[in-house]
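FYI, it's all coordinate maths here, none of it is from the lab. Fair warning: this is a prediction, and the values are worked out from it, not measured in the lab. No Cβ is skipped: glycine too gets one built from the backbone with ideal geometry, and neighbour counts run over all protein chains shown.
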Amino acid sequence: MAKNVRLLKPEPDLLLLHIELKWIEPAIWRRVAVPENITLSKLHTVIQFAMGWEGGHLHEFEIAGENYGTPDPDGGGPPVNSDARKTLIKALNGKRTFRYLYDFGDGWDHRIKVEKKLPAVACPQVPYCIDGANACPPEDIGGGPGYADFLEAMADPNHPEHDDMLEWHGSTFDPTVFEWERVNQWLKEIKV
């Protein structure tokens, strides 16, 4: 009597991504492992959690000469292909670096590099943040120049904007802190 044998599909390899927020010093970056077949819309969520963004703004990937994202519901902005179903490995089309833009007003521009492939079992969870440095700027701070002003005001209790910024942010802010464990707790919520 033949037994029903179900073959398990092998888990996809992982891609180790280095994500860096451009134009900010010292560098704000994350190293994240994701399945190579992750959709771009899920990758957007991974980047949001890894960087500490809240996801309330439009975004766009620029990969191998194509733009992917969520089209502006008001019809503004550049035309983009939907990122909902496109997988990263197919979008890359052999390329190793690509761009991710978040919040067209603040213009948070990220450079993402595929550092290497890893076996599916290389990480304790997927997606997984392996490393990173420095806190992410708060949402709606006004891009790089606004972030520089924010840091200046927060660092000096005698700055005329210190109390307003402290109240707006809701707590003190240390730009050198990166909470790796917290990021991985957030990433556990993503089903890939």
Item to check | Gyration tensor (alpha-carbon) shape descriptor, the range 55-163, a/c threshold 1.5 | outcome: oblate
Checklist entry - Relative contact order for the range 136-175 using alpha-carbon pairs under 8 Å, separation at least 6, rounded to a whole percent? => result 34 percent
Checklist outcome for this item: Exposure proxy check on E62, E54, E189: fewest-to-most Cβ neighbours within 10 Å is E189, E54, E62
Item to check | Cβ-placed point charges (K, R +1; D, E -1), dipole of the chain about Cα centre in debye, nearest 20 | outcome: 2060 debye
Item to check | Rough spin-label spacing in nm, given labels placed 7 Å along Cα→Cβ, for D164 and K90 | outcome: 4.9 nm
Item to check | Loop-resident sites, the range 134-192, for trypsin sites (Lys or Arg not before Pro), counting at most 15 other Cβ within 10 Å (DSSP) | outcome: K188, K191
Item to check | Under-20-angstrom lysine pairs by C-alpha in the chain, whenever the two are 8 or more apart or on separate chains | outcome: 24
Checklist outcome for this item: Relative to the chain, whose Cα atoms define the longest principal axis, helix 40-51 and its Cα axis are tilted in degrees, nearest 10, by 40 degrees
Item to check | Segment N81-R111, length gained on full extension (0.36 nm per residue, minus Cα span) | outcome: 8.9 nm
Checklist outcome for this item: Across 10 Å bins beginning at 0, the whole-percent shares of Cα-Cα pair distances in the range 136-175 come to 33, 62, 5
Next on the checklist: Counting just the Cα atoms, what span does the range 100-192 cover along each of its three principal axes? Round to the nearest Å and put the largest first.
Outcome noted: 52, 26, 21
Item to check | Most mobile of L151, L101, L14 in a GNM of the chain (Cα contacts under 10 Å) | outcome: L151
Checklist outcome for this item: The FRET efficiency for D156 and T176, from their Cβ-Cβ distance with R0 = 25 Å and rounded to 0.05, is 0.95
Checklist outcome for this item: Taking placed amide H atoms and a strict 5 Å upper bound, the residues 5 or more places from G132 or on another chain that come that close are R31
